[in-house]
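The values are calculated or read from the model by the stated rules, or taken from the named source; none is laboratory data. The model shown is predicted, which means the values in this text are computed figures rather than measured ones. Counting neighbours? That spans all protein chains shown, and the Cβs are built from the backbone with ideal geometry, glycine included. These area figures cover heavy atoms from the full protein model, side chains too; ligands, DNA and RNA do not enter into them. Shrake-Rupley method; radii C 1.70, N 1.55, O 1.52, S 1.80 Å.
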Amino acid sequence: LRKSESALEQRCIKLLEKMGIKAQHVSMALGMEQEFFIMPKSAYLKRLDIRQCGRALLNDVPPRNQQFSDHYYGKLPSIVEEVLSEVERELFEIGVPVKTRHKEVAINQFEFCPLFEDACKAIDHNMIMMEILKEAFDRHGLVALFHEKPFNHLNGSGKHCNWSLNYIDEKGKPVNVFKVPKNGTEKQKNLFKMFVLLNLQAIVDYGKLYMSSISTHANELRLGGHEAPPRIISSFLGDTVTELLDDKSIHEVQNLKEKVNTRFDVFQEDTDRNRTSPYAFAGNKFEFRAVGSSQNTSFPMAVIAATITKEIDVVLEKFAKGATVEKVSSDLTETSRPARFEGNGYSKEWVEEARKRGLY
């Protein structure tokens with residue numbers, strides 16, 4: 001991961017320079033949504049399958065389970081809230097900035113999230129957080145399950161990697177390439193479009209590698225249903241970014257905070273991202289939703305950094321041959337189009353369509 005980040009930084013600085021922007025430093029920021037299940041230790045000790053495999057090999061769900069998603073964001077059970085408070089205090093003491101805790105969709109499923117940090121630091125902190133969560137729940141007679149699919153017919157657990165790319169400008173100010181400010185300059189607009197297209201092109205060219213980075217046995221059980229994206233790697237962008245890339249007139253969007261009716265004011269839309277998308281654009285970042293909950297995410301993030309680095313190399317070669325930013329963006333818009341999918345990733349029609357597009 002360190003090697004791929006270093007290579008990415010070097011290429012990004014060159015690309016930014018070609019696009020008229022001087023950057024002192026480029027880094028990946030990462031925030032991971034950590035999902036997990038909780039069960040009583042007394043029940044856990046009676047289940048040889050869960051103790052040995054991390055998941056139930058024999059089970060059934062109660063009549064009322066997650067049909068209405070009424071657990072999602074519901075009130076935390078008092079014992080879980082008490083344990084998570086302990087975990088927060090312990091993490092704060094060692095410098096891990098956690099922020100979010102809430103109920104997930106399935107019964108006894110929860111989520112715990114930190115603030116965004118440098119990618120390598122975020123991964124270290126996530127692994128520490130998992131250990132502390134296990135220890136804290138154990139002290140209270142509970143067991144935390146990080147297996148991707150501990151119970152059949154219920155949602156599995158993922159570790160959604162929300163990542164962005166930031167550079168330090170001439171004034172020492174950090175700038176997110178995936179966020180175009182209001183009344184952004186032409187350079188900022190071109191930069192946003194370029195880096196979105198580079199992500200899409202990397203998926204088209206290296207989809208197998210993206211899939212290999214998350215294909216653990218446990219995650220294979222999770223993928224393809226119950227809010228887990230399918231095995232076909234594609235990207236959901238939303239109407240605003242899709243129309244921006246296609247140079248169409250942007251329709252008026254009701255934003256979470258305000259209406260967006262100017263061409264390049266790209267914020268998160270008022271609809272939730274497509275949960276069947278493995279790699280969704282989420283306002284000012286990309287979200288790799290297919291990563292498994294028990295994984296160390298160093299390899300998936302290294303794959304993202306390395307493949308985008310390779311795509312930048314291709315772009316720099318085109319610039320060296322005299323191509324303009326507009327020409328390169330136009331070419332990427334067409335060649336990266338197979339990676340864009342806004343529909344239902346679970347459908348049989350998408351499997352056939354993805355095959356036609358040449359996706360793995």
Original post:
How much of Lys327 can a 1.4 Å solvent probe reach, expressed as accessible area in Å² and rounded to 10?
Top reply: 110 Å²
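Cα gyration tensor of the stretch 123-173, axes a ≥ b ≥ c as square roots of the eigenvalues: rounded (a/c below 1.5), prolate (a/b > b/c) or oblate? Let's see the in-between values first.
On the way: a/c = 5.38, a/b = 1.95, b/c = 2.76.
In terms of gyration-tensor shape, oblate.
Relative to the Cα centre, what is the charge dipole magnitude of the stretch 1-136, using +1 at the beta carbon of each Lys and Arg, -1 at the beta carbon of each Asp and Glu, and rounding to the nearest 20 debye? Mind showing how you got there, number by number?
Details: 19 positive and 21 negative charges, 85 e Å.
Dipole magnitude for the stretch 1-136 comes out near 400 debye.
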Subject >> Inter-label distance, nm, simple model (7 Å from Cα along the C-beta direction), Phe299/Leu57 >> reply: 2.5 nm
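For the stretch 5-115, what is the relative contact order in percent, using Cα pairs closer than 8 Å and at least 6 residues apart in sequence? Walk me through the numbers on the way to the answer.
On the way: 111 pairs, mean separation 32.5, N = 111.
Worked out over the stretch 5-115, it gives 29 percent.
For the chain, what relative contact order do you get, as a whole percent, if you take Cα pairs closer than 8 Å and at least 6 residues apart? Don't jump to the answer; show the numbers that get you there.
Values: 632 pairs, mean separation 81.3, N = 360.
Rounded, it is 23 percent for the chain.
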**OP:** With label points built 7 Å along Cα→Cβ from the Cα atoms of Val314 and Lys189, find their separation and express it in nm.
**Re:** 2.6 nm
Original post:
Which of the helices in the chain meet the span-like rule: DSSP H, Cα axial reach of 18 Å or more, Kyte-Doolittle mean at least -1.0?
Top reply: 2-18, 78-93, 119-139, 186-212, 298-320
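Compute the relative contact order of the stretch 131-254 as a whole-number percentage, counting only Cα pairs closer than 8 Å that sit 6 or more residues apart in sequence. Don't jump to the answer; show the numbers that get you there.
Working: 86 pairs, mean separation 26.5, N = 124.
With pairs under 8 Å counted, the relative contact order is 21 percent.
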Original post:
Taking +1 at the Cβ of each Lys and Arg and -1 at the Cβ of each Asp and Glu, which of Ile203, Val180, Ile168 sits farthest along the dipole of the stretch 168-212 towards its positive end, judged by Cα position relative to the Cα centre?
Top reply: Val180
**OP:** Mind checking which of Gln109, Asn65, Ser78 is farthest towards the positive end of the stretch 45-116's charge dipole, using Cβ charges of +1 (Lys, Arg) and -1 (Asp, Glu) about the Cα centre?
**Re:** Asn65
**OP:** May I ask you to order 118-125, 312-319 by the average number of other C-beta atoms within 10 Å around their residues, highest value first?
**Re:** 118-125, 312-319
Original post:
Using only helices, what value at 222 nm comes out for the chain when you add -39,500 (n - 2.57) per DSSP H run of length 4 or more and divide by the total residues, to the nearest 500 deg cm²/dmol?
Top reply: -13500 deg cm²/dmol
Original post:
For the pair Lys321 and Asp239, how long in nm is the line joining their label points, each one 7 Å along Cα→Cβ?
Top reply: 3.8 nm
**OP:** Quick one: which residues, 5+ away or cross-chain, put their amide H under 5 Å from the amide H of Lys159? H built at 1.01 Å from N.
**Re:** Val291, Gly292, Ser293
Subject >> For the stretch 11-137: accessible area per residue (Å², 1.4 Å) >> reply: 51 Å²
Original post:
For His25, what accessible area in Å² do you get when you roll a 1.4 Å probe over the heavy atoms of the protein chains, rounding to the nearest 10?
Top reply: 80 Å²
**OP:** Send over the per residue convex hull volume for the chain, Cα only, as a whole number of Å³.
**Re:** 148 Å³
